[in-house]
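Notes follow the structure.
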Amino acid sequence: MTPILETRGLSKSFGGFFAAADVNLAIEPGIRQALIGPNGAGKTTLVNLLTGTLPASAGTVFLHGQDITRLPPQARVRLGLSRTFQINQLFPDLTPLQAVVLAINEREGRSHRFWRAVDAGREVVHEAMNRLHEFGLDTVARERTADLPYGRQRLLELVLALAARPRVLLLDEPAAGIPSGESGEILDAIGRLPRDVTILLIEHDMDLVFRFAERITVLVNGRVLVEGAPDAIARDPEVRAVYLGEEAHV
Amino acid sequence: MTQPMVSPKPWWPMEVGFFLIPVAAFFLFPLHLPLITEMMILALFAVSLDLVLGYAGIVSLGHAAFFGLGAYAAGILAQQGWGEPLSGLVFAGAVAGVVGLLTGVLVLRGSDLTRLMVTLGIGMMLFEAANKMNWLTGGADGLQGVMVEPLLGAFQFDIFGHTAFWYAYAGLVVLFYVARRLVHSPFGLCLRGIKTNRLRMSALGSRVNLHLLAVYTVGAMMAGIAGGLLAQTTQFVSLDVLSFERSAEVLLVLVLGGPGRLYGGIIGAVAFTVMHEVLSGFTTHYWQFWLGLVLVLLVLFARGGLLGLVDALRKRAARGTASAAAPERAA
Ligand SMILES: Nc1ncnc2c1ncn2[C@@H]1O[C@H](COP(=O)(O)OP(=O)(O)OP(=O)(O)O)[C@@H](O)[C@H]1O
Ligand SMILES: [Mg+2]
């Protein structure tokens, strides 16, 4: 199968320090893939390169076989590449409903409309409420985002990324900062997403990773150490030495 | 499901009431009509800045560039023999809008500091250009011989300022209505999104720069029309329409009233004008000292200007009643 998202020789240097070095990825459509690696391995940097948040120093990114290396982030989103952030990127003063309506308007190319009222589009409000309902956020839809508990904000981050109707979803530690009891719920919700969404998940909790992933990429010092099926990764001595061993004392 | 999202349901009766105040003022203060007219123009100017600063978060120290351009555009047009006021206003808005569009590209880039310097710089350049182009603008003497024809071919601009008053009033009401629709539209929500989290907006697929450019242009057009109104109602344009002081003044007016609420510009213009009149009555030269003091206190202790202050007080009152009601609910 041709990969839906692919990189060739993707690199990022911060003043000589390579946070991503010669990364070659090929992500199959529909797959649930995990990207793991110790702190500072370059996982977030890689996501930033894929989405265009950071310009690449070298290498190429392909989406649906199209070279998107030079496209700005918003153009990549419109091609179906969406993400969440490791650190929440929300609108503190807006309500979740407003934020999701905003996301839907952007997806539908309606955000330049300046004469009709924003809540005149009933189908938009309807869709937004449905999306919030799916993640149990409909009850807080009209509260200020900043007033929501952290866990709820984390879910909103996910809802916003999904509202773009992505084909490929990059999730940068979606359960970060959430008590481990609840993080399973978030991962389950992600696991229930339809198969036409390809998912690349960054996550530190190995139990969650092995429960979720069909394929795992291990990143160390900006380089892909190994990539393979979960059981192969679990057995890999190098991975155990470099990564899983360290995980024990995190 | 139909509950509004952008803001609590706009309270039409109160808003209509608010816009009837100038009508009352017309009859109550017949001798102060020119002052009130100028106040309404200042209010419109401040509302135009509110779109740019309050809603889109673009800081500017040179918004007078567009006000001044509009004033000169309308003034020169009338001086050259095209005295029909409404088309003159359209021309004023168009000239300012085009320059807003062109300079907006520069303003998009960079941090707040860059934006302050770029807007300041452009304002300075326009001021000096107008100063030097004596033959066109009249330079430091001001633009003489502005002849404005009767409004709608029927209402002569009279020495009591009746026509000027209603003309400026209509301009303010119409453009305020436009601004109001804009901020409550998908575009307005998008601007608020960009202002609070640009990174997230681009991650949602938003063409952030295009939207910022659009609102900057609209703000420039509106400021241009405000300038045009001043030129036509006073039949004169002086160089200070382009001055840094005017840019600073409109910023002050908006911050005084409360940015990001649309009415802040109007409230600020009223407060500013009243303070000016009252304080300069007491202390002729030192009124700016008191203005400065009020500004400092307001910015330090009531973020969100006068309207922010009202909001905070209302919230406190609501909390008071809520806690009073709480025991009942518990019982
Ligand atoms: N803008 C930047 N400038 C300089 N160095 C950076 C920058 N961003 C990241 N780095 C460095 O690049 C390396 C990789 O960082 P990155 O955030 O991608 O790691 P990560 O794998 O996401 O780590 P974590 O698991 O802690 O989130 C780190 O050493 C970091 O200090
Ligand atoms: Mg990271």
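The values are calculated or read from the model by the stated rules, or taken from the named source; none is laboratory data. Please read these numbers as outputs of a predicted model, since none were measured by experiment. Note that we place each Cβ from the backbone using ideal geometry, even for glycine, and neighbour counts take in every protein chain shown. To get the accessible areas, we keep the full protein, side chains included, count just its heavy atoms, and leave off ligands, DNA and RNA. Shrake-Rupley method; radii C 1.70, N 1.55, O 1.52, S 1.80 Å.
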> For B:LEU89, are the conditions met, namely being open to solvent by 10 Å² or more (accessible area, probe 1.4 Å) and within 26 Å of B:GLY139 (Cβ to Cβ)?
Replying inline: yes
>> Suppose we filter B:SER206, B:SER202 for residues that are touching a Gly at 6+ places or on another chain (Cβ under 8 Å) and within 7 Å of chain A (Cβ to nearest Cβ); which single one remains?
In response: B:SER206
>> If I filter segment A:14-25 down to residues being open to solvent by 50 Å² or more (accessible area, probe 1.4 Å) and among the hydrophobic types (A, V, I, L, M, F, W, C), which single residue comes out as nearest to ligand 1 (Cβ to nearest atom)?
In response: A:PHE14
>> Going by what's in this entry, would B:GLY70 be described as within 18 Å of B:ILE122 (Cα to Cα), open to solvent by less than 10 Å² (accessible area, probe 1.4 Å) and part of a loop (DSSP other than H, G, I, E, B)?
In response: no
> Which ones in segment A:26-45 are open to solvent by 10 Å² or more (accessible area, probe 1.4 Å), in contact (Cβ under 8 Å) with a residue 60 or more places away in the chain, of a type outside the set (Lys, Arg) and not in a loop (DSSP other than H, G, I, E, B)?
Replying inline: A:THR44, A:THR45
> Which one of B:GLY123, B:GLY145 is within 26 Å of the chain's Cα centre (by Cα) and within 25 Å of B:MET39 (Cα to Cα)?
Replying inline: B:GLY123
>> Of all residues being of a type in the set (Val, Ile, Thr) and open to solvent by 10 Å² or more (accessible area, probe 1.4 Å) in segment B:209-230, which is nearest to B:TRP166 (Cα to Cα)? Just the residue, please.
In response: B:ILE225
> Got at least one residue in segment A:35-42 being away from ligand 2 (no atom under 16 Å from the Cβ) and of a type outside the set (Ser, Thr, Tyr)?
Replying inline: no
>> Checking the conditions here, which among A:ASP172, A:ASP188 is more than 21 Å from A:ASN48 (Cβ to Cβ) and of a type in the set (Asp, Glu)?
In response: A:ASP188
> Of the residues that sit in segment A:46-58 and are away from ligand 2 (no atom under 16 Å from the Cβ) and within 14 Å of chain B (Cβ to nearest Cβ), which one is most open to solvent (accessible area, probe 1.4 Å)?
Replying inline: A:PRO55
>> Can you find a residue that is more than 14 Å from A:ARG32 (Cβ to Cβ), touching a residue at least 12 places away in the same chain (Cβ under 8 Å) and within 16 Å of ligand 2 (Cβ to nearest atom) anywhere in segment A:142-152?
In response: no
> strands (runs of 3 or more DSSP E) wholly in segment A:169-250 with at least 3 residues that are open to solvent by 20 Å² or more (accessible area, probe 1.4 Å) and within 16 Å of ligand 1 (Cβ to nearest atom) - which ones?
Replying inline: A:223-228
>> Contact list please: Cβ distance under 8 Å, first residue in segment B:162-191 and part of a loop (DSSP other than H, G, I, E, B), second residue among the basic types (Lys, Arg), pairs at least six apart or on different chains.
In response: B:SER185/A:ARG113; B:SER185/A:ARG116
> Listed residues B:VAL255, B:VAL241; which is under 22 Å from B:LEU89 (Cα atoms) and under 17 Å from the mean Cα position of the chain (by Cα)?
Replying inline: B:VAL241
>> Contact list please: Cβ distance under 8 Å, first residue in segment B:252-268 and at positive phi, second residue surrounded by 24 or more Cβ atoms within 10 Å (Cβ to Cβ) and charged (D, E, K, R), pairs at least six apart or on different chains.
In response: B:GLY260/B:ASP50; B:LEU262/B:ASP50
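Condition check ((1) part of a helix (DSSP H, G or I); (2) surrounded by 16 or more Cβ atoms within 10 Å (Cβ to Cβ)) across all residues:
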residue: B:SER247; (1), (2): yes, yes
residue: B:LEU251; (1), (2): yes, yes
residue: B:GLY260; (1), (2): no, yes
residue: B:ILE266; (1), (2): yes, yes
residue: B:VAL270; (1), (2): yes, yes
residue: B:THR273; (1), (2): yes, yes
residue: B:LEU279; (1), (2): yes, yes
residue: B:PHE289; (1), (2): yes, no
residue: B:VAL299; (1), (2): yes, no
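Conditions tested, residue by residue: (1) open to solvent by 10 Å² or more (accessible area, probe 1.4 Å); (2) assigned to a loop (DSSP other than H, G, I, E, B).
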{"site": "B:LEU77", "(1), (2)": "yes, no"}
{"site": "B:GLY83", "(1), (2)": "no, yes"}
{"site": "B:GLY110", "(1), (2)": "yes, yes"}
{"site": "B:LEU116", "(1), (2)": "yes, no"}
{"site": "B:ILE122", "(1), (2)": "yes, no"}
>> Going by what's in this entry, would B:SER206 be described as without any contact (Cβ under 8 Å) to a residue 60 or more places away in the chain, of a type in the set (Ser, Thr, Tyr), outside any helix (DSSP H, G or I) and open to solvent by less than 50 Å² (accessible area, probe 1.4 Å)?
In response: yes
> How many of the residues in segment A:158-211 are on the phi < 0 side of the Ramachandran plot and within 15 Å of ligand 2 (Cβ to nearest atom)?
Replying inline: 13
> Here are some conditions: (1) closer than 23 Å to B:ALA64 by Cβ; (2) more than 8 Å from chain A (Cβ to nearest Cβ). B:ARG180 meets all but one. Which one does it not meet?
Replying inline: (1)
